[in-house]
Amino acid sequence: MGTLAVFKKEMRLYFASPVAFVVFIIFLIISGYFFYSLLLYFSLISMQASMNPAFATGLNVTDGILRPLFANMSVILLFMMPLLTMRLFAEERKQGTLELLLTYPLRDGEVLLGKFLAATALVALLLFATGIYPLLLALWSEPEVYPILTGYLGLLLLGMTFISLGLLFSSLTENQIVAAALAFGALLLFWIIGWAATLAEGDWALLFRHLSLPEHLSSFTRGVLETKDMLYYLGLTGFFLFATLKSLEVRRWKG
């Protein structure tokens, strides 16, 4: 019940402030631009393929439009998620309401889970809104359904990882800008760390690839559910939530 109460409170706060609307508008405008550009390019290639069958090899909407669209949407989430998570604990710390919240008959885990689920629900709504793109494709082609479903699942798991890391930094400071900057910096590090694999060898190269956030999204967009990729996102999410919980407990002990 405590988790549900915190969840409802956070959802009300999201839509009572302009933050959620701004994130929605920016995300949908940029993802819409990418969809339009990819669709236009795919149409051009399709016209060339109709005149020269050699261009038609491997040409399909899943690889030509949806996979690059999911990849681009993951980059937009990278920029947007710190804006959604920066206030979750930092604002309450600044206003002094976090201490009040922690004195309620709620366990720290219930407070944390309520905030995490609210942010996750917002991301799910955001991704649901982009479902119009596959529907538009279905009007004039036959996109594969399974890669669409796994692609969205991958984006949701990626979003959950972003949120959990953002919650951790929001719990460490009362300044929302600092929380957002730290979260973005850490996420960017996890994003680009895979680039180091090209310069490393052996186990180091494998380690850098394994830590890379986009590296594990690729299988989802291909329509392949790899257990190791799901465990990677869920493991990171669980680790960051655990670290946030410890941060809250330390604050409670300090009074």
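The values are calculated or read from the model by the stated rules, or taken from the named source; none is laboratory data. Being a predicted model, the structure only gives us computed values, none of them experimental. Reconstructed Cβ throughout: ideal geometry from the backbone, glycine too, with neighbour counts over all protein chains shown. Accessible surface areas use protein heavy atoms only, side chains included; no ligands, DNA or RNA. Shrake-Rupley method; radii C 1.70, N 1.55, O 1.52, S 1.80 Å.
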Report summary line: So the pair-distance distribution of region 99-234, from every Cα-Cα distance in 10 Å bins, comes to percents of 11, 30, 32, 20, 6, 1
Report summary line: With the 1.4 Å probe rolled over protein heavy atoms, the chain has an accessible area per residue in Å² of 51
Query raised in the report: Using a simple spin-label model with points 7 Å from Cα along the Cα→Cβ vector, what separation in nm is obtained for Glu226 and Ser141?
Result: 2.4
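Taking only C-alpha pairs under 8 Å that are 6+ residues apart, what is the relative contact order of the chain in percent? List each step's numbers first, then the result.
Numbers: 283 pairs, mean separation 63.2, N = 255.
Rounded, it is 25 percent for the chain.
Counting Lys and Arg as +1 and Asp and Glu as -1, what is the net charge of the other residues whose Cβ lies under 14 Å from the Cβ of Ala118? All intermediate terms of the calculation are to be shown ahead of the outcome.
On the way: positive: Lys8, Lys9, Arg12, Arg87, Lys115; negative: Glu10, Glu91, Glu92, Glu110.
Once all neighbours under 14 Å are counted, the net charge is +1.
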Report task. Compute the distance in nm between two label points, each set 7 Å from the Cα along the Cα-to-Cβ direction, one at Gln95 and one at Ile26. Result -> 2.2
Report summary line: In whole Å, largest first, the alpha carbons of region 132-181 cover along the principal axes 50, 17, 11
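If you roll a 1.4 angstrom probe over the protein chains with everything in place, what fraction of the accessible area of the chain belongs to carbon and sulfur, to the nearest %? Don't jump to the answer; show the numbers that get you there.
Values: 9330 of 12990 Å².
Roughly 72 percent, rounded to a whole number.
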Report task. Could you please tell me the mean projected area of the C-alpha convex hull for the chain, averaged over all directions and given in square nanometres to one decimal? Result -> 15.9
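List the GluC sites (Glu not before Pro) in region 153-255 that DSSP assigns to loop (not H, G, I, E or B) and whose Cβ has at most 12 other Cβ atoms within 10 Å. Which are they? It would help to have the intermediate numbers written out before the result.
Numbers: sites: Glu174, Glu201, Glu215, Glu226, Glu249; in loops: Glu174, Glu201, Glu226.
Taking region 153-255 and a limit of 12 other Cβ atoms within 10 Å, the loop GluC sites (Glu not before Pro) found are Glu201.
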Query raised in the report: Per the Kirkwood formula on distinct C-alpha pairs, the Rh of region 161-255 is how many angstrom?
Result: 14.7
Requested in this report: Any chance you could look up the accessible area of Val22 with a 1.4 Å probe, heavy atoms only, rounded to 10 Å²?
Outcome: 70
Report task. May I ask you to list the lysines whose Cα is less than 30 Å away from that of Lys228, ignoring any residue fewer than eight positions away on the same chain? Result -> Lys115, Lys246
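Please give the length that would be gained between Ile132 and Leu149 if that part of the chain were fully extended, namely 0.36 nm times their separation in residues minus their C-alpha to C-alpha distance (nm, one decimal).
Values: separation 17, 0.36 × 17 = 6.12 nm, distance 1.34 nm.
Between Ile132 and Leu149, full extension yields an extra 4.8 nm.
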